[in-house]
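What follows is a single structure, written as structure tokens, with notes after it.
The values are calculated or read from the model by the stated rules, or taken from the named source; none is laboratory data. What you see is a predicted model; the values in this text were computed from it and never measured. Here the Cβ positions follow ideal geometry from the backbone for every residue, glycine too, while neighbour counts run over all protein chains shown.
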Amino acid sequence: MRQSKLFTKTVKELPKDEASYNAQALIRAGFIDKVGAGIYSYLPLGKRVLDKISQIIREEMNAIDGQEILMTALVPKENLESSGRWAAFDVLFRLSGSDKREYALGATHEEIVSPLAKKFILSYKDLPFGAYQIQTKFRNEKRAKAGLLRGREFLMKDLYSFHADQADLDSYYETVTAAYHKIYARLGLGEMTYLTYASGGSFSKYSHEFQTVSAAGEDLIYICEKCRVAVNREIIDEQKACPACGSRELAEKKAIEVGNIFKLGTKFSEPFGVRYKDRTGEERPTVMGCYGIGPSRIMGTLVEIYHDEKGIIWPANVAPYRVHLLSLGENGAADKIYADLINQGIEVLYDDRDLSAGEKFADFDLIGCPYRVVVSKKTLASESVELKGRAETASSLIKISELPARLEAKAGI
């Protein structure tokens, strides 16, 4: 992408009421635009990051036999009344249609997926299966002041699984847990993200969250480093020890919730009559699980963790472009390097603008692509370019002919 063609620009002025670092940095770097409290538009650079996060999640959901669907964003009042949540769910955006019927914008989708599954579950032979979507959710949050960490409109992956019995749900629950750990590792959050015991599932003593340690977190968790699990503040008074090993040596940390998983049991299958016939022909209720993870919240979390005083430092797997190519008055040579890198399948943001070197360097640091390649009269004198990692302090001269191979070697970094 030629930066001269990018319709967005980095900005210096921020909305006066934007307190969170993730929103400040993403707005300044031209990734998002603030429309209102907890409401953001994703600009070209931001959309690329969001899509890469979503694709990592999608690949790991597909790997455990999740089947991707896309459900309606409008949820009829009757569906929510069937589950008892029309009156009880206090963050719903409610509206009326021209047909005089009432609806809610989808805050979650148990009330849509349950009657959907009912149409296709007849016998035990139709179980188990899992269906997921990556879709915008809407919640009327009272405290939408944490940028992408607490939005009124946000992207969510929600997977719903359907099982013949509790044992099968328990087994799949462990499979999803392992898949989530893979997701966080691929996103660059593996080392600081903990499976966290939280209060209340419908069919078990605990539900679980995935919490990423961060000073920007709104939650307090208590970590057992021995077991790599944690306990949420809401149940620590009754637990007082690691649920896995019993250790009382728990470290208190602030954290951001980046995922949650629940054993729903029959909480939603029973109201909607989602039943199946077992091997003897007897009807039984279907057992369900629910597994959520928010790509937009992940995006904000990454910015909170990976940054310095100059701007964002994106992990390579989710960066908008792998390379930021800067031409310092040498667009002829830089054009050829740009074309060659593109032909090698390397994603490049090419700063071909008529700006000073200082302005270009500042934008590189702010935007946060993993590598900076500088083409200047000085480097061309030795048929070289200057290569520098975003998180590195020193740069090195690389022969132009060796650049694609050097970048390929760094692809996994």
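Things to note:
- For region 140-179, filtering for residues that are in contact with a Gly (Cβ under 7 Å, 6 or more places away or on another chain) and among the small types (Gly, Ala, Ser) leaves 4.
- Number of positions in region 10-43 that are at pLDDT below 95 and buried (at least 19 other Cβ atoms within 10 Å of the Cβ): 1
- Residues being farther than 18 Å from THR136 by Cβ and either touching a strand residue (DSSP E or B) at 6+ places or on another chain (Cβ under 9 Å) or buried (at least 17 other Cβ atoms within 10 Å of the Cβ) (or both) - total across region 44-60: 3
- Scanning region 241-277 for residues that are in contact with a helix residue (DSSP H, G or I) (Cβ under 9 Å, 6 or more places away or on another chain) and exposed (fewer than 14 other Cβ atoms within 10 Å of the Cβ) yields GLU252, GLY273.
- GLU191 being of a type in the set (Asp, Glu), in contact with a Lys or Arg (Cβ under 7 Å, 6 or more places away or on another chain) and in the same structural domain as GLY38 (by TED's automatic domain parsing): no
- Within region 352-383, the set of residues being without any contact (Cβ under 8 Å) to a residue 40 or more places away in the chain and either assigned to a helix (DSSP H, G or I) or in contact with a strand residue (DSSP E or B) (Cβ under 7 Å, 6 or more places away or on another chain) (or both) comprises ALA357, GLY358, GLU359, LYS360, PHE361, LYS378, THR379, SER382, GLU383.
- Residues being part of a strand (DSSP E or B) and more than 14 Å from GLN166 (Cα to Cα) - total across region 277-299: 5
- Filtered residues of region 1-60 (kept if assigned to a loop (DSSP other than H, G, I, E, B), of a type outside the set (S, T, N, Q) and over 17 Å from ASP363 (Cβ atoms)): PRO15, LYS16, ASP17, GLU18, ALA19, ALA37, GLY38
- For the condition small (Gly, Ala, Ser), within 18 Å of GLY130 (Cα to Cα) and modelled with pLDDT of 95 or more, ALA185 does not qualify.
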